[in-house]
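The values are calculated or read from the model by the stated rules, or taken from the named source; none is laboratory data. Please read these numbers as outputs of a predicted model, since none were measured by experiment. Positions of Cβ are generated from backbone atoms using ideal geometry, with glycine treated the same way; all protein chains shown enter the neighbour counts. Side chains are part of the model used for accessible areas, which takes the heavy atoms of the whole protein and leaves out ligands, DNA and RNA. Shrake-Rupley method; radii C 1.70, N 1.55, O 1.52, S 1.80 Å.
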Amino acid sequence: QVQLVESGGGLVQPGGSLRLSCVASGSIFIINRMGWYRQAPGKQRELVARITSGGSTNYADFVEGRFTISRDNAGNAVYLQMNSLKPEDTAVYYCQAVLNNYPYWGQGTQVTVSS
């Protein structure tokens, strides 16, 4: 079993910043890839950013250079620094870890961007 625990969500004004964290624990041997997805009300879950064990990253087009994904040296934690937040970034953000081609999900953390 693998557990993912997210933290760092909250309410922020437009233009503000948040840093999301996700820590993996349990039967971890090799995490191939970790990433962040989000789901807004009435919409499908979508990729925000992901990072491989080798450090390669890719971002959704809507990020537009505002977010940065990173991992800790042990490879068991992933972070998402979000700057210049917009109201349309409001969503539940989910952490994903892929082990042996199987995806594990965290419980999600709410991010609300509003004045």
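Taking all protein chains together and a probe of 1.4 Å, list 67, 29, 62 from the most accessible to the least accessible.
Values: 67 10, 29 180, 62 55 Å².
Of 67, 29, 62, the descending order of accessible area is 29, 62, 67.
Given +1 on the Cβ of Lys and Arg, -1 on the Cβ of Asp and Glu, and no further charges, what dipole in debye does the chain carry about its Cα centre, rounded to the nearest 20? Display every interim value, and only then the final one.
Working: 9 positive and 7 negative charges, 16 e Å.
Dipole size: approximately 80 debye.
Quick one: dipole size for the range 49-115, taken about the Cα centre, charges +1 on Lys/Arg Cβ and -1 on Asp/Glu Cβ, in debye to the nearest 20. Walk me through the numbers on the way to the answer.
Numbers: 4 positive and 5 negative charges, 25 e Å.
In debye, rounded to 20, the range 49-115 gives about 120.
Just round it to a whole percent: the fraction of Cα-Cα distances in the range 1-65 exceeding 14 Å. The partial results should precede the final answer.
Values: 1464 of 2080 pairs.
Looking at the range 1-65, the distances longer than 14 Å represent 70 percent of pairs.
From the protein chains alone at 1.4 Å, what is the descending order of accessible area for 70, 27, 53, largest first?
Details: 70 40, 27 65, 53 85 Å².
Most to least solvent-accessible, the answer reads 53, 27, 70.
Run the 1.4 Å probe and let me know the accessible area of residue 71, rounded to the nearest 10 Å².
50
I need the shape label for the range 43-82. Rule: rounded when a/c is under 1.5, else prolate if a/b > b/c, else oblate, with a, b, c from the alpha carbon gyration tensor. Display every interim value, and only then the final one.
Details: a/c = 2.05, a/b = 1.76, b/c = 1.17.
Prolate, because a/c is 1.5 or more and a/b exceeds b/c.
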